[in-house]
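In what follows, a structure is listed as structure tokens, so that the remarks can point back to it.
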Amino acid sequence: MNLTIGLGTVLVVTFAAIAAVVVYRWTAPPADAAHQTSKGERLLWALFAAAAVIEIVGYIGDRVAGGPANPSSMIAETPANDS
């Protein structure tokens, strides 16, 4: 079984990890806040942020990698009219 990890995969995972860390730190409440967010809630937000980055970048990458459609393959063949 061969596993190839390309540059795109590394970039997506890196951006997802950065987004997770930023969201985890951003959701940390100040020490004097009346409502304290639990670590579990913060981790859940970070996980959702990482998943969102993976989905969005994956969708964009799929659209970009597809490239333009080949116009010659899109032309439907019409039957010859021999009458």
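The values are calculated or read from the model by the stated rules, or taken from the named source; none is laboratory data. Source: prediction; values computed, not measured. No Cβ is skipped: glycine too gets one built from the backbone with ideal geometry, and neighbour counts run over all protein chains shown.
At a glance:
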item	result
Residue among 64, 57 that alone is part of a helix (DSSP H, G or I), of a type in the set (A, V, I, L, M, F, W, C) and either modelled with pLDDT under 85 or loosely packed, with under 12 Cβ neighbours inside 10 Å (or both)	64
Output for segment 1-26, where each listed residue is among the hydroxyl-bearing types (Ser, Thr, Tyr) and farther than 16 Å from residue 46 by Cβ	4, 9
